[in-house]
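**Student:** Structure in structure tokens, see below.
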Amino acid sequence: MLANSLASAAQKQFFEQSGAQNHLSRSLCLGYNAVHRIAMAASSGFAAFSGHKYLSLETYKKSGEAVRTPVWFAADPAVPLDSSAAKIFIYTIGDTAKVKRMRNNPRVKIAPCDMRGNVLGPWVDAQAEFVTGEEAGRGMRLLNEKYFPWKQLLGFFALFSRRKRIVIALHPA
């Protein structure tokens, strides 16, 4: 018993002197906060994307292998981003691999990222929907407003290409 009490006293002294106890409690708190942030992101639509310029789009091959691509996006301002009815628009060329993957499996994951695809926030499950007509036009207008003048420059050069552009709406899953 004396050995146990000496060991406990020595451990207590080590924790107090080294700050290890403080570090342990901070680690536990950070772990809780990370789990809490992930749970909140899943229940709050696309709130994590507010203020970001790029999102990392994770699509899946038929084999199940994930492929990540950074893309521009624009949120539908008619619905709050923290709503389960939130909608995010992206656009791409119609014959890209990501379009083929989304046609095979519309379930995707998205996360805020920088222009190089480095993820800056939590991953959120989403459902991809190919939109046409008026809704596609609305999505392109939102993208044009958000990325002015870069989107217009790319659009000008795209006039010389015969490749079709596709607008995709992402909904929280």
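The values are calculated or read from the model by the stated rules, or taken from the named source; none is laboratory data. All figures in this text were calculated on a predicted structure; none of them were measured in a lab. Note that we place each Cβ from the backbone using ideal geometry, even for glycine, and neighbour counts take in every protein chain shown.
**Student:** Being at pLDDT 95 or above, out of contact with any His (no Cβ under 8 Å at 6 or more places or on another chain) and farther than 18 Å from SER50 by Cβ is the requirement here; does PRO149 meet it? Even if it seems obvious, please write down each step before you answer.
**Tutor:** Numbers: at pLDDT 95 or above: no; out of contact with any His (no Cβ under 8 Å at 6 or more places or on another chain): yes; farther than 18 Å from SER50 by Cβ: yes.
For PRO149, the condition - at pLDDT 95 or above, out of contact with any His (no Cβ under 8 Å at 6 or more places or on another chain) and farther than 18 Å from SER50 by Cβ - is not met.
**Student:** Of the residues SER50, SER56, SER44, which single one is at pLDDT below 90, polar (S, T, N, Q) and closer than 27 Å to TYR147 by Cα? Outline the logic, then answer.
**Tutor:** On the way: SER50 fails: at pLDDT below 90; SER56 fails: at pLDDT below 90.
Result of the check over SER50, SER56, SER44: SER44.
**Student:** For VAL99, indicate whether it is within 21 Å of LYS53 (Cβ to Cβ) and modelled with pLDDT of 95 or more. So that I can check it myself, show each step before the final result.
**Tutor:** Values: within 21 Å of LYS53 (Cβ to Cβ): no; modelled with pLDDT of 95 or more: yes.
Criteria not met by VAL99.
**Student:** Restricting attention to segment 57-79, report how many residues are surrounded by fewer than 16 Cβ atoms within 10 Å (Cβ to Cβ) and either without any contact (Cβ under 8 Å) to a residue 40 or more places away in the chain or part of a loop (DSSP other than H, G, I, E, B) (or both).
**Tutor:** Final tally of qualifying residues: 9.
**Student:** If you take the residues in segment 87-102 that are in contact (Cβ under 8 Å) with a residue 60 or more places away in the chain and among the charged types (D, E, K, R), which one is farthest from GLU145 (Cα to Cα)?
**Tutor:** To start, the set of residues in segment 87-102 that are in contact (Cβ under 8 Å) with a residue 60 or more places away in the chain comprises 87-95, 99, 102.
If we keep only those that are among the charged types (D, E, K, R) too, we end up with 87, 95.
Details: LYS87: 16, ASP95: 25 Å.
Top of the filtered list is ASP95.
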